[in-house]
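One structure is given here, and the rest of the page talks about it.
The values are calculated or read from the model by the stated rules, or taken from the named source; none is laboratory data. None of these values were measured; they are calculated from a predicted model. FYI the Cβ positions are ideal-geometry reconstructions off the backbone, even for glycines, and counts take in every protein chain you see. For the accessible areas, the whole protein counts, side chains as well, though only heavy atoms, and no ligand, DNA or RNA atoms are used. Shrake-Rupley method; radii C 1.70, N 1.55, O 1.52, S 1.80 Å.
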Amino acid sequence: MALDLTDLAGQLRRFAADHNWDQFHTPKNLAMALAREVGELLAELQWLTAEQTEPERLDAYRRAAVEAEIADVLIYLVQLADRLHVDLERAITEKLESNEARYTIERSLGSPNKLP
Ligand SMILES: [Mg+2]
């Protein structure tokens with residue numbers, strides 16, 4: 001299944017409207033909800049060693065929890081972008097192009113350091 005972000009945004013918009021939740025979905029609240037869900041994702045991995053967070057080492061329970069939190073993060077991210085009229089496809093394309101220009105192989109090969 002290919003993920004269509006525009007379709008997902010529409011589904012989430014309808015779900016929120018059906019539940020009369022639009023009143024709560026200010027950009028501020030959606031950003032805070034996004035941060036909370038990122039925190040929930042981090043909590044699933046928090047006390048594991050780096051090796052224990054590798055996919056083949058996650059048990060079924062932890063894997064299901066991580067998947068659910070990743071879904072929550074994407075849902076709130078798409079809702080926030082939709083609410084702010086951000087064209088996610090354009091924004092991501094521009095960011096990828098910017099990263100390609102900024103982090104050339106010559107400057108960044110094997111280095112985890114981000115450029116200022
Ligand atoms: Mg969650």
- Message: Quick one: 3J(HN,Hα) in Hz for the stretch 51-56, Karplus 6.51/-1.76/1.60 with θ = phi - 60°, rounded, Gly and Pro as x.
- Response: 5, 5, 8, 5, x, 6
- Electrostatic dipole magnitude of the chain [Cβ: Lys, Arg +1; Asp, Glu -1; Cα centre; debye, to 20]: 400
- Go ahead and collect, in residue order, the members of the stretch 33-51 whose backbone nitrogen is under 16 Å from a label point 7 Å along the Cα-Cβ direction of residue 61. 44-48
- Task: Over the chain, give the accessible area per residue in Å² for a 1.4 Å probe, as an integer.
- Result: 77
- So what's the back-of-envelope 222 nm ellipticity for the chain, counting only DSSP H runs of four-plus at -39500 (n - 2.57) apiece and dividing by all residues, rounded to 500? -21500 deg cm²/dmol
- Query: Helix hunt in the chain: which complete DSSP H runs extend at least 30 Å axially by C-alpha with mean Kyte-Doolittle at least -0.5?
  - Reply: 60-83
- Overall form of the stretch 1-112 per C-alpha gyration tensor (a/c, 1.5; a/b vs b/c): oblate
